[in-house]
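Each reported figure results from applying straightforward, stated rules to the coordinates on display, with no laboratory input. None of the values given here were measured: they were computed from a predicted structure. Because the Cβ atoms are built from the backbone with ideal geometry, glycine has one as well, and the counts that use them run over all protein chains shown.
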Amino acid sequence: MLTVALSRLAALVPLVVVASFAAFLLLQLTATDPAVVRLGEAATDDAYAAFRHEIGVDRPVLVQYGDWLVNAVQGDFGTSWTNSTPVSESLAARFPVTLSITVGALVVGLAIGIPAGIAAGIRAGRWTDPLLTGSASLGQAIPSFWLALLLVAYLAMTTSWFPATGYVSYERDVGEWLRSITLPSTALGLASAGAFARQTRAGFVRVLHEPYVRTAVAGGLSRGRILWRTALRNASVPVVTTIAGQAAVLVGGAVIVEQVFALPGLGQLVLNAIRNGDMPLVLGFVALMALLMAIIQFLLDLTYALVDPRVRAA
Amino acid sequence: MVKLSWGVLVLVGALALLGPWITPYDPTAGSVADALASPGPEHWLGTDYLGRDTLSRLIDGARVSTIAGFEATAVAVVLGGGLGMVIGLVGGWTDRIVMRIVEGISSIPAVVLAIAIIAALGSGLTRSMLAVGIAFAMGMARLARGLTMAERERLYVDGARVVGASRLRLLRVHIAPNIAAPMGVEATLVFAHAVTIEAALSFLGLGTQPPAASWGVMLSSAQRTIREAPFQSIPPGLALVLTVLALNIVGDALVRRRRGVGLDNPTGYLEPIGIGSGEGKAESNPLCTDPAVLLQARAVAVRYGSMVAVDGVDVTVKAGEVVALVGESGSGKTSLAMSLAGLLTPPAACSAEVIRLGGGAPLDLVDADPGVRAQWRGRVGVVFQEPSAALNPLQTVGRQLREVIEAQRRLSARHRDRANTMNPRVISEEIVDLLTAVGLRDPEDVARLRPGQISGGMAQRVMIALALAKSPTLLIADEPTTALDVTVQAEIIELLKRLCREREFGVLFVTHDLGVAGELADRVVVMFRGEVVESGPIDQVVLHPSHPYTAALVAAVPRNEPGRAILAPPATAAEARVLDMVEDQEPVS
C-alpha cells in the first residue's frame, strides 16, 4: 500500500511542474508591463527599468521560472504586481471559500448522483430508468451559474432560509458557514450529480453484462445480493475515477458561481488580477489549481487501491 | 428525442443565420425609458435594464453561441487532432515528451486554463474561444493519438506501411478518414462545452463584450436587476439549457450508433427469461418414463429477434452419462446449453415442448414460475467458458463459494437443521472439501485468493467447485476447456471424468472440438446452424459419420497435440479410436 502511495505521488509531481511551467510560459505572452501596472503611466523610463530589475522580470525566462519554482516549493508564490502583498497570502485568504463550495458541491453531487444512479441501475430497463437518466442529462445541461442566479432570484430573495450573498467562515460560526455555502454548493453540484448518476448507472449496466453475474445467478444468489454485493462494488470502481474529472469541473465552476453569490473566493481574486494585469497572482492561482487537482488525484488513487485489490497488487 | 434535439439545433442554427432579418428590435440599442418592461405584446420577453428587447437579444445570442461553438471546436479539432495524429504516427520519444506536456496541461481544469489564456491574450469572443479551444485540444490530442496508434497497428498488419507509403500519405489516405468518425462525436461534445463556457466567460466579462448580445452577457445584465426583474434571467438560461441538452443528446446518439447495439438488454445476465410452450404444443408422444433419464428436452427453440439460433432440438441425458454437444461457434450449442440451464437472458426468447429434469421429484422448466426456475438452477450445475471472467474479480474464491452454499441452503426447504447447516464453520469445512474434490492442493490458501491471483486452470477448478457446491444432478459444461492451454485442458478433462464416475450425475458437455468430446463422452449430438444433424454413441458417430458436416468436424480434430498425446494417454476405447482414425486420414508423404 505504501509503495502504491509513493509511486502515485512520484507520478504526480512532474504533472504539476509541467502545468506550472506551461502557465508560466503562457503568461510571458502578455503585453502587460509590470512596471506600468505598479507605477502607472506617468513614471520615467528609469523608474520603470529600476522596478523591472527589482522584481527580476528583466532576467531570462528560464531563470525566472527556476527561481519561481524553487520559491514555490517553499510556499512562496512571488509578490503581486499591483501591491506588494505576497501572492501566497492572498491565495491563502481566499482559498477556504473556494474549497468550501467545491467540496460542498462534490458532496451534493455524490449524495444525489450516486443514489439516483443506483436507483436507475438496479431497475435498469424499467420505467424509472428513463426518468432518472433523463433528469440526469437535464441536470448536466444546466449551467451552474444560471442555476445559481435562479436560486438567488427565486429562493434566497423570496425566503430567508439562505443568504443571497456573502460568506461566513467556519471558524466564526459553523452553522452560518453551512448556510452561506448551501446554495452555491447546490448550484454547482447539481450538474455533477447528473454526471455521477449517469456514470453509476452505466457502471451497473456494464457489470450486469459481466460473465460473473451469470455465475452468481447460476449459484442461486438472490437478485438483491447480486445487485448490492457483486454489482455495486464492481460498479463503484469507474465512479471513483469520475470524481477526479468532476473535481476539475467543479473548481472551474466555483470560480464562476462565486460571482453570483458575491463570495470572496479565488474567482473574485483572479478576475481582479486579470483586470489589473497582475500576472504573478494569475500564475499562483493556476499553480494552486494544478496542485489541488494533483492532491485530489492522489487521494483518489489511494481510494481506488482500497476498493480494487487488483490495483494494490500491481 | 434525438429528432427533437436535431430540431432544436436546426432552430438555433436558423436563428443564428437569419437573426439580423428577423429580430423585432435592434438587439444592441434601447431607450432607458423602456427599461425592465415586463413581457407583453410590445416586447414578448420584456426588456433589460437598458431597455433593449430581450427577444431580439436572445435571437442575436444564438449567433454568438453558434460562432463560439464552431470557433472553439475548430481550434480543438485542428490543434488537438493534428497534434495527436502526428505524435501517434511518429511515436517514440517525441510521443513520450509531448504526451507528458499534454498530461501536465490537462491537469489544469479547463475553465482555469481558459482564464489563464485570456489573462495572457486579453478578453473578447474570439480570443476567449481560442482559449477554450486550446483547453479542449488536450483531450482531443489524447483521443487522436490513441486512435492513430490503433490505426497504425492495423496498417502494419495490412502491410501498407511495409510497401513504403510515406508517413504523410499514410496520415492523409489511411488514418485521417478512419479516425474522423470518433473525432466527430467528440467534437459534438466539445461544442456543447464550448457553448456553456462561452456563456460563463461572457458572464464573468471575459468573453463576448457588451453591448453585443450573448446569452452569457444577457445573464450578466439580468444579474444586475435580479431583484427588480428576476424573469430576465429565464430566457437566456433556458436557451442555453435547451441548446446544450440537444447537443448532448445528439452526441450520445452518435456514440451509441458508433458502438452499435448491445444496450437492448440493460439487465445483462441478471434476469434469466422463462421458457414458453410455443405454438406446436399438443404433441401426443408420451414422455419417456425411464427413471434413468435425467434430462429430457423436446423441440427447444431459441430466437434472438428474428434470428433463429436453435430450431427445435431434442436432447436427452441419462444419469451417469456424458453427452457431448458438438458444433462450430454460431451453431446454437451455447444458446441451447444456457436454455437448459435456465440461464438464457434477453434479448433471447425461448420455447420448448418439454424440458424436464428427473433424479428426484421431476421439475418442468417450460412455463415454470420463478420459484421453480430457481429450484431448477439449484439442481443444475454450470461450468462456464472463460473461468477468469466468470469469477467475481473483487471477491476471494472462498467468499464466492460461501455465497453459493449459503444461497443453496436458503433455497432448499429440506434442511430442517438450519442453524447447524448455516454455521460458518461447517460451511468453511465444506469449502475446503469442495476445493479438495476438484484437485486443488492447499485448499485453505486457495480460498483466500482472488481470481486475479490464480491461474486459468485453477480458476476452472474453482468454477467446477462452484457448480458442485449445489450438489447438482446434472452438470452443464459450456466449453470448459477452450480458454485453457492444452496441458491444463487435459487435466480438467481428467477431473470431469473422475467426478462423473464418483458422483454419477449426468453431464451435458458443450464443445467445438470433437477430439475433446471423444475423450469424455458416451454419446454425441452434432449441431449445425441451430439444428441437430446427427446424434448417437460416440464411436458410431466418429467412425461412421452420416452427415458431411460431422465428417468435416472429425477431419478438423487436431492431431499429435502434445498435451493430448503425452499427458492424457487415451483412456477410453472411443478416444483411442478417434485418434487412430484421425491418424489414418493423414496423407502419407
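Some values worked out for this structure:
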item: Sites A:A10 and A:D58 - FRET efficiency at Förster radius 30 Å, r taken between beta-carbons, to 0.05; result: 0.25
item: Cα convex hull of the protein assembly as shown - mean projected area over all directions, nm²; result: 49.5
item: Chain B: angle of helix B:2-22 to the longest principal axis, Cα-based, in degrees nearest 10; result: 10
item: Hits among aspartates and glutamates - C-alpha to C-alpha of B:K318 under 12 Å, sequence gap 8 or more where chains match; result: B:D290, B:E504, B:D522
item: Exercise: per-residue mean of other protein chain Cβ atoms within 10 Å, A:134-142; result: 4
item: In degrees, nearest ten, helix A:232-260 long axis to first principal axis of chain A (Cα); result: 40
item: Residue-averaged [θ]222 nm for chain B, counting only DSSP H segments that reach four residues, each worth -39500 (n - 2.57); result: -16500 deg cm²/dmol
item: As computed over chain B, the Cα convex hull volume per residue (Å³); result: 261
item: Phi-based couplings in Hz for the range B:113-129 (Karplus 6.51, -1.76, 1.60; Gly and Pro marked x); result: 4, 4, 4, 5, 5, 5, 4, 7, 9, x, 8, x, 4, 5, 5, 5, 6
item: At R0 = 22 Å, FRET efficiency that the Cβ-Cβ distance of B:A361 and B:S471 yields, to 0.05; result: 0.90
item: Trypsin sites (Lys or Arg not before Pro) within the range B:396-505, DSSP loop, no more than 13 other Cβ atoms inside 10 Å; result: B:R414, B:R416, B:R441, B:R448
item: Hull shadow area, averaged, the range B:293-585 [alpha-carbon convex hull, nm²]; result: 15.2
item: Those GluC sites (Glu not before Pro) in the range A:1-110 that DSSP places in a loop and that have at most 15 other beta carbons within 10 Å; result: A:E41
item: Cβ-based exposure ranking for B:H512, B:H544, in which fewest neighbours within 10 Å come first; result: B:H544, B:H512
item: Burial ranking of peptide ranges B:133-144, B:19-30, A:238-249, B:327-338 (average Cβ count within 10 Å, highest at the top); result: B:133-144, B:327-338, A:238-249, B:19-30
item: Descending Cα extents along the principal axes, the range B:44-176, whole Å; result: 69, 28, 18
item: Helix axis angle, B:573-585 relative to chain B longest principal axis, alpha carbon, degrees; result: 70
item: Restricting the range B:419-524 to GluC sites (Glu not before Pro) in coil, as DSSP defines it, with at most 13 other Cβ within 10 Å; result: B:E504
item: Distribution of pairwise C-alpha distances over the range A:8-64, 5 Å bins, in %; result: 4, 16, 20, 19, 14, 10, 7, 6, 3, 2, 0
item: Vicinal HN-Hα couplings computed from phi for the range B:441-451 (Karplus, 6.51 cos²θ - 1.76 cosθ + 1.60; Hz; Gly/Pro x); result: 7, 6, x, 4, 5, 4, 4, 8, 8, 9, x
item: Size of chain A as Cα extents on the principal axes (Å, biggest first); result: 86, 54, 34
